[in-house]
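Asker: So that we are looking at the same thing, I have put the structure below in structure tokens.
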């Protein structure tokens, strides 16, 4: 019994190794890309000819755009690539837990840390893009200059919390499932799987919303300034 | 150790690649399709709006035209009805006048007919009455009546009418005495005496009998005569009667006002 | 009972106590937050998206404290620095 799929190593050459997490992630990327490619290959223009898959994708994309806009970002299309991919990746990774042998890559702290690091890098990038380098740096001195260390610590700690939250939820989900399979192999694992699906979706939503809020907080100051 | 730093780096790279892939294959096409559809729908909507406006404008135009048409129709109808009314009035008046004329003509004709009939009837009756009278008188006339007549004649002579006297006095030629009956000797004598007495001289009398006079006596000189006959009498009566009848017909003619009818017709129309 | 066993026992007990105690505070806080959010939702159903989003963000923030406890307990069990130190010390001996 292993804690995460990191420990399943298929191939190793010194520092470089090919573990279960990376392979599963590649699989996910393949599924997402090929699915998107297949559905968007021939998009219908007429209302009557829209396929159900196309409407599914349209609903997802429109919903994401709407959620991003509701948090307070003025141009949702600009952030859709990053935040949308974040959500789709986590949600797909969590939803595929209904397959028996599958181990979600989000149950590995390495993956969640990578995602949180992506957010950690993306927030300053979007902030600088929105209001310039000095403008973004000023946000760290926001209430007063004394708050600078606390702002920096909060920046680090929230990244850490982001990664550990997702990891803890997914890891505990699969762990409970594994233990239950040993104790009561019938019925109860299914209930817990259902709970795991719900938790996985909620966690994907929370991760994306938190990333959106952080980006909005970094990009919003400019709007306040121009308003004043 | 929970964190494998190579895996973290690999996952970060994987994530960036996934972002690029999904951007290329998912977001761009879907957003483009959405935008295109939005554009198309908005274009269709604007087109529909334009069409709607056009339809509205056409509808308004149609309404206006309809209204105008209604107005025209009402006007035409009014004019036509007025014309019909005046025409009817005219026709009625004409008919009334014609009827009046016809009636008056007929009345006239009737009156004429009545007059003619009356006249002829009167004449006939007159003639018949007088014929009967004459017949009766002729049949009934006898000596006594003759005598009486002569007596009356004599009386008339004796009344010494200045006219008669002058006639008798100035006559030179013998007097012609016509009677219906043959006078007796005494009677002749008496007449001769009486004339003589009036004229103051003897005057010769020529005596003739003529049944036409109907128990009468006529004394005629040149251009002048003194008559006392029933025929004359009857002639006088006849003349009087004729006059009377003529008057009667004139009075009886109905006199109605021709305007009365037209007045009533006018009330009917209004 | 040598040092190694004592460290192991202490680590495991501490991990359990950490996660047990560390969950109480966030649980109470989350319960209050959710109840308030629910009454707000009942009062203003129109503001449901905003309330829900804010609730999730707030819950995530509150949950961070529990996550720190979880991390500490994880470290105590899987990556206990003293454990490694004693092993290295014993090996050195």
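Asker: Can residue B:25 be described as farther than 19 Å from residue A:59 by Cα, part of a helix (DSSP H, G or I), within 7 Å of chain A (Cβ to nearest Cβ) and out of contact with any strand residue (DSSP E or B) (no Cβ under 8 Å at 6 or more places or on another chain)?
Answerer: Numbers: farther than 19 Å from residue A:59 by Cα: no; part of a helix (DSSP H, G or I): yes; within 7 Å of chain A (Cβ to nearest Cβ): yes; out of contact with any strand residue (DSSP E or B) (no Cβ under 8 Å at 6 or more places or on another chain): yes.
So residue B:25 fails the test.
Asker: In addition: Looking at the range A:89-96, is at least one residue farther than 16 Å from residue A:25 by Cβ, in contact (Cβ under 8 Å) with a residue 40 or more places away in the chain and surrounded by fewer than 21 Cβ atoms within 10 Å (Cβ to Cβ)?
Answerer: In the first step, residues of the range A:89-96 are kept if they are farther than 16 Å from residue A:25 by Cβ; the result is none.
No: zero hits.
Asker: Checking the condition assigned to a helix (DSSP H, G or I) and within 14 Å of chain A (Cβ to nearest Cβ), which residue from C:36, C:65, C:14 passes?
Answerer: Working: C:36 fails: within 14 Å of chain A (Cβ to nearest Cβ); C:14 fails: within 14 Å of chain A (Cβ to nearest Cβ).
None of the others qualify; the one that does is C:65.
Asker: Assess whether residue A:177 counts as being surrounded by fewer than 17 Cβ atoms within 10 Å (Cβ to Cβ) and part of a helix (DSSP H, G or I). Before the answer, list the steps.
Answerer: Values: surrounded by fewer than 17 Cβ atoms within 10 Å (Cβ to Cβ): no; part of a helix (DSSP H, G or I): yes.
No.
Condition check ((1) modelled with pLDDT under 90; (2) under 22 Å from residue A:158 (Cα atoms); (3) surrounded by fewer than 17 Cβ atoms within 10 Å (Cβ to Cβ)) across all residues:
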{"site": "C:23", "(1), (2), (3)": "no, yes, yes"}
{"site": "C:35", "(1), (2), (3)": "no, no, yes"}
{"site": "C:44", "(1), (2), (3)": "no, no, yes"}
{"site": "C:52", "(1), (2), (3)": "yes, yes, yes"}
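Asker: Let me ask something else. What residue, among those in the range A:5-25 that are surrounded by 13 or more Cβ atoms within 10 Å (Cβ to Cβ) and at the interface with chain B (Cβ under 7 Å from one of its Cβ atoms), is farthest from residue A:112 (Cα to Cα)?
Answerer: Out of the qualifying residues, it is A:17.
Asker: State whether the residues of the range A:42-50 include one that is modelled with pLDDT under 90, facing chain B (nearest Cβ under 8 Å), in contact with a helix residue (DSSP H, G or I) (Cβ under 8 Å, 6 or more places away or on another chain) and part of a helix (DSSP H, G or I).
Answerer: Yes, the range A:42-50 contains at least one residue that is modelled with pLDDT under 90, facing chain B (nearest Cβ under 8 Å), in contact with a helix residue (DSSP H, G or I) (Cβ under 8 Å, 6 or more places away or on another chain) and part of a helix (DSSP H, G or I).
The values are calculated or read from the model by the stated rules, or taken from the named source; none is laboratory data. On a predicted model such as this, the values are computed, not experimentally measured, just so you know. Cβ atoms come from the backbone with ideal geometry, glycine included; neighbour counts cover every protein chain shown.
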